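Following: one structure in structure tokens, then a few remarks.
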Amino acid sequence: MRKVKMINRVSIDGYFASLNEMTGGMDWFVPDNDVDKTTHEMVKADTLIAGKATFELFEASWPPVLRDPNAPKEMKALAQELTDMRKIVFSETMKMSDWENTEFYSSDITEVVKKLKEEDGSDILIMGSGTVVQQLTKAGLIDEYVFILTPVIASGGKPLFKEVNQNGLTFLQAKSFASGNVLLHYAAAE
């Protein structure tokens, strides 16, 4: 059975995004190529699950990188990887996109994800998408959580686990980086 793996940057006080729509909620992130490389090596996914807001941010960011002749080689490779991935978007209002390999669902997220997990393939990735993370955590459908703990107290924003019951997690690994970011990797408790 395929695993659903979540990767999210979180502030020390538990927010995964700010409320600043101009930056996609990422204005307090501490960028670090070593963190990005490490998380990329941890998750080998062929499917991306996203909510509408995260998908719109990705769609506005990654396809243009593919068309930009001056984009760095590493960015182009990641843009191509995301373009090639099957993208499952949950939205009540968004129904179509020109971005290749994108499917939209407005039906029961838990049933769709249960079916995805039973299909052949590699990992299923969730990034951002707080509402999706919350719903799938409540349903017990996320197998692994990768948190990039960012050295900032955001003092407000979008909480990652709003209205989620207490859940135990099993520690898998931790790694610190010179940037102050700390990667925390957990499995859902059995």
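Over segment 112-190, what relative contact order in percent results from Cα pairs under 8 Å that are six or more residues apart?
That works out to 33 percent.
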Expected vector for segment 161-169, Karplus 3J(HN,Hα) from phi with 6.51, -1.76, 1.60 and θ = phi - 60°, integer Hz, x for Gly and Pro, equals 10, 5, 6, 10, 5, 4, 9, x, 10
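Tell me, what % of the accessible area of segment 16-89 is carbon and sulfur with a 1.4 angstrom probe?
58
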Debye, to nearest 20: dipole size of the chain, +1 on Lys, Arg Cβ, -1 on Asp, Glu Cβ
220
Treat every Asp and Glu Cβ in segment 2-91 as -1 and every Lys and Arg Cβ as +1, leave all other atoms uncharged, and give the resulting dipole magnitude about the Cα centre to the nearest 20 debye.
440
As an exercise, use a Förster radius of 30 Å and the Cβ-Cβ distance of Leu169 and Val30 to find the FRET efficiency, rounded to the nearest 0.05.
0.80
For a quick protection proxy, order the peptides 67-78, 40-51, 96-107 by their average other-Cβ count within 10 Å, most packed first.
40-51, 96-107, 67-78
Need one number: % antiparallel among DSSP beta bridges in the chain, to the nearest 5.
40
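Let me check I've understood the local charge: for Glu118, count other residues with C-beta under 13 angstrom from its C-beta, Lys and Arg +1, Asp and Glu -1. What total comes out?
+2
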Put +1 on the Cβ of every Lys and Arg and -1 on every Asp and Glu Cβ in the chain; which of Ser107, Ala189, Phe16 then has its Cα farthest towards the positive end of the dipole?
Ala189
How large is the dipole of segment 102-190 about the Cα centre if only Lys and Arg carry +1 and Asp and Glu carry -1, each at its Cβ, rounded to the nearest 20 debye?
480
Extreme residue, positive dipole direction of the chain, given options Thr137, Ile126, Ile49 (C-beta unit charges):
Thr137
Collect residues whose amide H, placed 1.01 Å from N in the peptide plane, falls under 5 Å from the amide H of Leu160; neighbours closer than 5 in sequence don't count.
Phe16
Could you check the spin-label model distance between Ser106 and Val182? Points 7 Å from the Cα along Cα→Cβ, value in nm.
4.4
Heavy-atom accessible area per residue, segment 1-158, 1.4 Å probe: how many Å²?
51
Looking at this model, which pairs from Lys37/Lys76; Lys3/Lys76; Lys138/Lys175; Lys52/Lys162; Lys5/Lys115; Lys87/Lys138 are more than 20 angstrom apart at the alpha-carbon?
Lys3/Lys76; Lys138/Lys175; Lys87/Lys138
What are the ³J(HN,Hα) couplings of segment 140-152, residue after residue, when phi is run through the Karplus curve with 6.51, -1.76, 1.60 and θ = phi - 60°? Round to Hz, x for glycine and proline.
x, 9, 8, 8, 9, 10, 10, 9, 9, 6, 9, x, 8
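The values are calculated or read from the model by the stated rules, or taken from the named source; none is laboratory data. Since we're looking at a predicted model, the values are computed, not measured. Ideal geometry is used to build each Cβ from the backbone, glycine not excepted, and the neighbour counts take in all protein chains shown. Just so you know, the surface numbers come from the protein's heavy atoms only, side chains and all, with ligands and any DNA or RNA stripped out. Shrake-Rupley method; radii C 1.70, N 1.55, O 1.52, S 1.80 Å.
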